[in-house]
Amino acid sequence: MTTSPLDRAADSFAAELARHRTDRGLSKKQLAHEMGFDPSYVSHVEGRRHRPTEDFARRAEAVLKAGGAIWQRFREYDDLRHARSDRSHREPPLPGQWMPPGTGLIVERETATLTHVDDDYHCVIRRELYNAGTEPVTRYLVRVAVDRYPSDPGRSNRHHREHPLTFAELHLRAHREDGGEREEMHWRAKHDRDAFKEIWLLFENADRRFPLYPGDRATIEYAYTVGRDKWGPWFQRAVRVPTRHLSVRLDLPAALDPQVWGAETSLSAEEGPLRRAVERHDDGDRVIFDWATDEPPLNARYRMQWRFRAEPDTEPDAGHVRPSDRMRGIGIVQRGTDLLRQPARPFDLPREEPAAREIVDRLCTSLARLDELHPFSKGVGIAAPQLGIGRAAAVVRPPDRAAEPVVLLNPRVVDSSCETDEQYEGCLSFFDHRGLVPRPLRIDVEHAQADGSRVITSFEFGMARLVAHEVDHLEGRLYVDRMAPGVPLVPVEEYRETGHPWRY
């Protein structure tokens, strides 16, 4: 178990390296050969026996074509390695050199502005792009997601099912700026869901094409409008490509007396308050809220929320016992409990064998009680933190009820297949909803026996999904952290696959 931010950053680098190496189908020896390193070096870095170096990170990024992900993880590690006071004396890198060649597309600056006027929200996103890759860029993917009632996902999903967001009402428009010239950008829909749109902005229009060539810069801007009947009181920015600077502005009516706050989360940190305060200033009949950050980590999410104190709060519908209440009634803690976001403490085996066996017995007893409340045709697992116990133990019962449960002590995923699929998952600690989660079709898990010995077990398909879900619990993650940005949760009342096994 890592004990410091620096250790966690080194672990994140090693995990990112291993993931991209596996995705490329390369062995450690093959990758080392392509990078020009000794065959054992990649193994040492992935095994956390060697810390990454800048040269190693640059070569790995270039060979694996990781879209900047490996380099970003190194930057996070390197920033922690150098004290901030020391960093302040270092010369900042030139704009075109902050990522290695071959990285791909980089956002040097993003400015996002959301303005509330009358009954509409008007959103403008401006991004300054740099092509640090080796191929011309001809399109850019953007996302629009709405959530009318963010504190009540079930109600929000029902609302958007009845009142879906449409492309027509967005009035989406985009353009590119380059050297003072302004070109309209055509766009093409990629995904069209009730509360979620994915859109390709094309570097072309009816007159001509204007790709962003390697080494060139350009600014793109797109804007859209969503009515207040579909836009809830939140605005989220997700970092999907390497980004150097991100700023967000909310422009809200002073008459509504807005109160704004924010939260951030990343793959290596649970949700917490924004590290930099939101700044407020009044401008006549408007109130402006500004927030910004430099070099945000990849996959970080920054969520601004607000309420209008001049309007009464609207409470969600009530009147029936929710599935989560039934889980809570048998002692399973629910989402929002701090313990679910903390890494579990491993056992010192065999010294703590009695404690480990006692916790496993409690987990098995809880599984037996669960069978009385709900049909788990897909199998079911439970981790110690879900019972309020912060220890690294979990039990997974396969879909075949005749099979013996799998006991996991101090588990760690050491390998996974590059093949993945998406299936709906539920969680005992988030039992009111189901979510579409991507997972590898095979994982290899190193785990301990009660006598302290360690074994590696390979799991496939449904069992791989169940085991990965429980290992996530022991690392302080929930399945919603694995979902693609903007994909909505499905209320259990609307979920149609209860009682059916996963399909492979």
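Of the residues making up the stretch 17-65, those that are assigned to a loop (DSSP other than H, G, I, E, B) and closer than 22 Å to Ile443 by Cβ are Arg24, Gly25, Leu26, Ser27, Gly47, Arg48. The test for being of a type in the set (Ser, Thr, Tyr), without any contact (Cβ under 8 Å) to a residue 24 or more places away in the chain and within 19 Å of Arg143 (Cα to Cα) does not hold for Thr219.
Evaluated against (1) within 30 Å of Gly336 (Cβ to Cβ); (2) buried (at least 19 other Cβ atoms within 10 Å of the Cβ), Val241 falls short on exactly one condition, (1). The sole residue among Ile288, Ile389, Ile382, Ile332 that is closer than 30 Å to Thr113 by Cβ, hydrophobic (A, V, I, L, M, F, W, C) and surrounded by 13 or more Cβ atoms within 10 Å (Cβ to Cβ) is Ile288. The listed residues are Leu466, Leu409, and the only one of them that is touching a Leu at 6+ places or on another chain (Cβ under 9 Å) and not assigned by TED's automatic domain parsing to the domain that holds Leu165 turns out to be Leu409. Taken together, the criteria place Leu367 among residues that are assigned to a helix (DSSP H, G or I) and in contact with a Lys or Arg (Cβ under 8 Å, 6 or more places away or on another chain).
One residue alone among Arg49, Arg19 is closer than 27 Å to Ser4 by Cα, at pLDDT 80 or above and surrounded by fewer than 13 Cβ atoms within 10 Å (Cβ to Cβ), and that residue is Arg49.
Ala300: among the aliphatic types (A, V, I, L, M), closer than 25 Å to Arg139 by Cβ and within 19 Å of the chain's Cα centre (by Cα), yes or no? The answer is yes for Ala300. Cβ-Cβ under 8 Å, sequence separation 6+ or interchain: first residue in the stretch 248-261 and more than 17 Å from Val124 (Cα to Cα), partner of a type in the set (Val, Ile, Thr). Which pairs? Close Cβ pairs (under 8 Å, with a partner that is of a type in the set (Val, Ile, Thr)) amount to Pro253/Val117; Pro253/Val287; Ala254/Val287; Pro258/Val287; Val260/Val278; Trp261/Val278. Pairing each residue of the stretch 447-462 that is closer than 16 Å to Val360 by Cβ and modelled with pLDDT under 95 with any residue that is surrounded by 13 or more Cβ atoms within 10 Å (Cβ to Cβ) and among the small types (Gly, Ala, Ser), provided the two are 6+ apart or on different chains, yields C-beta distances under 7 Å for Ala450/Ala356. One residue stands out among those in the stretch 272-291 that are part of a strand (DSSP E or B) and closer than 24 Å to Ser12 by Cβ: the one that is nearest to the chain's Cα centre (by Cα), which is Gly272.
Residues in the stretch 395-428 that are among the small types (Gly, Ala, Ser), touching a residue at least 40 places away in the same chain (Cβ under 8 Å) and out of contact with any Pro (no Cβ under 7 Å at 6 or more places or on another chain): Gly426 only. Residues of the stretch 195-226 being within 20 Å of Asn157 (Cβ to Cβ) and not in a strand (DSSP E or B), which ones? Ala195, the sole residue that qualifies.
Among the residues of the stretch 227-248, those that are under 18 Å from Arg307 (Cβ atoms) and assigned to a strand (DSSP E or B) comprise Trp234, Phe235, Gln236, Val248.
With respect to the conditions (1) out of contact with any Cys (no Cβ under 7 Å at 6 or more places or on another chain); (2) in a strand (DSSP E or B); (3) closer than 30 Å to Pro273 by Cα, Asp192 falls short on a single one, namely (3). Does Ala403 satisfy being among the small types (Gly, Ala, Ser), more than 25 Å from the chain's Cα centre (by Cα) and over 14 Å from His469 (Cβ atoms)? Yes, satisfied.
The values are calculated or read from the model by the stated rules, or taken from the named source; none is laboratory data. Bear in mind that the values here come from a model prediction, so they are computed numbers and not experimental data. Methodologically, a virtual Cβ is constructed for each residue, glycine included, from the backbone with ideal geometry; neighbour enumeration extends over all protein chains shown.
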